[in-house]
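The values are calculated or read from the model by the stated rules, or taken from the named source; none is laboratory data. As the structure is a prediction and not an experimental result, all values here were calculated from the model. Note that each Cβ is placed from the backbone with ideal geometry, even for glycine, and that neighbours are counted across all protein chains shown.
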Amino acid sequence: MDTLLELADVGKRYGNGTLAVQSLSLAIGEHEFVSFLGPSGCGKSTVLRLIAGLSPVSQGTITWRGGAPHRDAHALGFVFQEPTLMPWATVFDNVWLPLRLAGRPRAAARAGVAAALANVGLAEFAGAYPRELSGGMKMRVSIARTMVSRPRLLLLDEPFAALDEMTRFRLNDDTLALWQAQRFTALFVTHSVYEAVYLSKRIVVMAARPGRMLADIHVDEPYPRQAGWRATARYNALCVQVSQALQAASAAQADAGAGHG
Amino acid sequence: MAERGEPGRAAPGAGGTPLVRRRWVRIAVPLAAFLLALAAWEAVVRIAQIPHYILPAPSLIAATLRDNFGSLLPSWLYTLKITFLALLLAVAGGVLLALVIALNEWVELGLFPFAVVLQVTPVIAIAPLIIIFVPSTTAALLLCAWIVAFFPILSNTVIGLRSADLNLRDLYRLYRASPWQTLRLLLIPSAMPYFIAGLKVAGGLSLIGAVVAEFTAGAAGKETGLASRILEASFRTEIPKMFAALVLVSLTGIAIHLAFNLLSRLVLGHWHESESRGER
């Protein structure tokens, strides 16, 4: 498997002195589905922002395939915790945005936008405004907007955290279906052990204060994964293993807190 | 992806529109209340036999307005000219300066104190000085009206331009949007609700500024507005004529208010919470 990007000794310290991420080294392969799991404040979202170039690293390097330090603007997609749609624009115009910013006129983008909306089951909602949609539908629009430019790397920052359990399960399946169909690399931030195990090839468990990697767990379960897999002993065993790693992360965080106290 | 069965658009008219939200009710109720108040006023004046030089009845005010409309019309048009020119200049200046301030904090540091001084100093206190310094009465009145209308536009537009969702800003950065694309597609639409709120305030203030400045100037002659007609009528104890001029000022204010409410509905109605009338 080719490496898509590599983080070498990456650290991030904010202006107020908070060390958000410390010495993170990680290689992400092409077509991987990697989840970042950890308690609040462990730097999961910060790692995504560093990779996206939305925040500069304080130390270390992030290297893309072929050693290129920079990435193509449309090689990368970002799905935020909130749908982050433009409320004044229709669903079509929201999904068109990445292509529009790249200079693609509406007519030329029409087929691509329609396909992206069809992929998330919202083909008939192109003319709707975000306020007319449910939370799950808004998140689908957000995913369609990200996918319309066919990114090689998709960064998802707790995208389903605010949704109800059933919608979340459906969107987990939808995300996996898109990932398998379009063969992008996915980096997924979540608080949920169950979601991380269900979706991922790899789970990076992080501890807070400072944010650092404690475990890199491989989930050797073939895809496609169906909802029935959630009821298997193998799934439960993996959840236990990841939960234990997460508890260790919390303990490490408590120790760090006591040490500082 | 298969059909999800998630809730989609709410079924229109499900359960019926509440009576208080029906269009005809929203027009008829305030109109009825207004007519009722006029009737009460008329009744009180007639029953108590209040002299017209103290409080004229609405019917007398209407008759006076009809009889004097020819002489009041040029003054009304003059007040309208000052009001709308001041508002136009306030919008142009306020939006332009807001754009510069929103894009450059140094400009804000340098210019905002002047804007605040203009805002917090009552126009009635500055007006005599302006009338001394500016040779043309029309230009002086325009400047006074502009001063009071300018700040709400500037302040609201700056806040609006800065209120764009941070994640959307990140998204635009991620897709390497040009500054012009970010301004046109993100910052201006984000600022629109704030700008329109400022416009509603500035619309009323520009009229107030135009009238107050003319009172201070005590202008006379051909190029004068409704404030001068009110002053004239006051000197001659023509109270019904004072009221007639006042009615025209009020009608202008009401028209400005309704026009900007309509604008707000047209621009924001399809997406912004402030114009949401539908059932959730």
* Would you please name the residue that is surrounded by the fewest Cβ atoms within 10 Å (Cβ to Cβ), looking only at residues in region A:137-160 that are under 12 Å from the mean Cα position of the chain (by Cα) and not in a helix (DSSP H, G or I)? => A:Glu158
* Going by the structure shown, is A:Ala116 assigned to a helix (DSSP H, G or I), over 27 Å from A:Arg65 (Cα atoms) and more than 8 Å from chain B (Cβ to nearest Cβ)? -> no
* To do: Output the residues belonging to region B:176-185 that are surrounded by fewer than 22 Cβ atoms within 10 Å (Cβ to Cβ) and closer than 24 Å to A:Ser55 by Cβ.
  => B:Arg176, B:Ser178, B:Pro179, B:Gln181, B:Thr182, B:Leu183, B:Leu185
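Quick grid of which residues meet (1) crowded, with 19+ Cβ neighbours inside 10 Å; (2) assigned to a helix (DSSP H, G or I):
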position	(1), (2)
A:Val10	yes, no
A:Phe36	yes, no
A:Ser45	yes, yes
A:Thr61	no, no
* Asked: Can you tell me which residues in region A:120-129 are of a type outside the set (A, V, I, L, M) and either crowded, with 20+ Cβ neighbours inside 10 Å or at the interface with chain B (Cβ under 7 Å from one of its Cβ atoms) (or both)?
  -> A:Gly121, A:Phe125, A:Tyr129
* Qualifying positions in region B:157-182 - more than 29 Å from the chain's Cα centre (by Cα) and not in a helix (DSSP H, G or I) -> B:Tyr175, B:Arg176, B:Ala177, B:Ser178
* To do: Read through the list (1) within 14 Å of another protein chain (Cβ to nearest Cβ); (2) in contact (Cβ under 8 Å) with a residue 24 or more places away in the chain; (3) not polar (S, T, N, Q), then give the number of the only condition that B:Leu168 fails.
  => (2)
* Asked: Yes or no: A:Thr175 touching a residue at least 12 places away in the same chain (Cβ under 8 Å), touching an Asp or Glu at 6+ places or on another chain (Cβ under 7 Å) and surrounded by 20 or more Cβ atoms within 10 Å (Cβ to Cβ)?
  -> no
* Candidates A:Tyr194, A:Tyr198, filtered to the one that is buried (at least 21 other Cβ atoms within 10 Å of the Cβ), hydroxyl-bearing (Ser, Thr, Tyr), assigned by TED's automatic domain parsing to the domain that holds A:Ala233 and without any contact (Cβ under 8 Å) to a residue 60 or more places away in the chain -> A:Tyr198
* Using the structure shown, decide if A:Val205 is in the same structural domain as A:Thr63 (by TED's automatic domain parsing), farther than 24 Å from A:Gly53 by Cβ and in contact with a Cys (Cβ under 8 Å, 6 or more places away or on another chain). => no
* Asked: Among the residues of region A:201-213, how many are assigned to a strand (DSSP E or B), among the small types (Gly, Ala, Ser) and touching a helix residue (DSSP H, G or I) at 6+ places or on another chain (Cβ under 6 Å)?
  -> 1
* Which numbered condition B:Glu108 fails, given (1) over 22 Å from B:Leu205 (Cβ atoms); (2) loosely packed, with under 14 Cβ neighbours inside 10 Å -> (2)
* Structure fact -> The residue from A:Asp216, A:Asp173 that alone is of a type in the set (Asp, Glu) and either outside any helix (DSSP H, G or I) or within 14 Å of A:Ser35 (Cα to Cα) (or both) is A:Asp216
* Take the residues of region A:95-108 that are in contact (Cβ under 8 Å) with a residue 24 or more places away in the chain and more than 10 Å from chain B (Cβ to nearest Cβ): which is nearest to the chain's Cα centre (by Cα)? -> A:Val95
* Would a scan of region B:217-233 turn up a residue that is within 14 Å of chain A (Cβ to nearest Cβ), touching a residue at least 24 places away in the same chain (Cβ under 8 Å) and of a type in the set (A, V, I, L, M)? -> no
* Asked: When region A:157-183 is examined, which residues are found to be of a type in the set (A, V, I, L, M) and either outside the structural domain of A:Gln226 (by TED's automatic domain parsing) or more than 22 Å from A:Leu99 (Cβ to Cβ) (or both)?
  -> A:Ala161, A:Ala162, A:Leu163, A:Met166, A:Leu171, A:Leu176, A:Ala177
* Structure fact -> When restricted to B:Thr216, B:Thr224, the only residue in contact with a helix residue (DSSP H, G or I) (Cβ under 8 Å, 6 or more places away or on another chain) and assigned to a loop (DSSP other than H, G, I, E, B) is B:Thr224
* What are the residues in region B:82-94 that are surrounded by fewer than 20 Cβ atoms within 10 Å (Cβ to Cβ) and touching a helix residue (DSSP H, G or I) at 6+ places or on another chain (Cβ under 8 Å), if any? -> B:Phe84, B:Leu85, B:Leu89, B:Gly93
* Enumerate the pairs (first residue in region B:23-39 and without any contact (Cβ under 8 Å) to a residue 60 or more places away in the chain; second residue anywhere and part of a helix (DSSP H, G or I) and surrounded by 11 or more Cβ atoms within 10 Å (Cβ to Cβ)) with beta-carbon separation below 8 Å, excluding pairs fewer than 6 apart on the same chain, so at least 6 apart or on different chains. => B:Leu38/B:Pro58
* Structure fact -> Note on region A:22-53: residues touching a Leu at 6+ places or on another chain (Cβ under 7 Å) and either without any contact (Cβ under 8 Å) to a residue 12 or more places away in the chain or more than 20 Å from A:Phe78 (Cα to Cα) (or both) are A:Leu24, A:Ser25
* Structure fact -> When every residue in region B:258-277 that is in contact with a helix residue (DSSP H, G or I) (Cβ under 7 Å, 6 or more places away or on another chain), in a helix (DSSP H, G or I) and without any contact (Cβ under 8 Å) to a residue 60 or more places away in the chain is compared, the one farthest from the other protein chains (Cβ to nearest Cβ) is B:Arg265
* Structure fact -> Checked A:Tyr198, A:Tyr235 against criteria (among the aromatic types (Phe, Trp, Tyr), closer than 23 Å to A:Ser40 by Cα and not in a loop (DSSP other than H, G, I, E, B)); the one match is A:Tyr198
* Residues of region A:122-157 being without any contact (Cβ under 8 Å) to a residue 40 or more places away in the chain and either touching an Asp or Glu at 6+ places or on another chain (Cβ under 6 Å) or within 21 Å of A:Gln81 (Cβ to Cβ) (or both), which ones? -> A:Leu122, A:Ser134, A:Gly136, A:Met137, A:Arg140
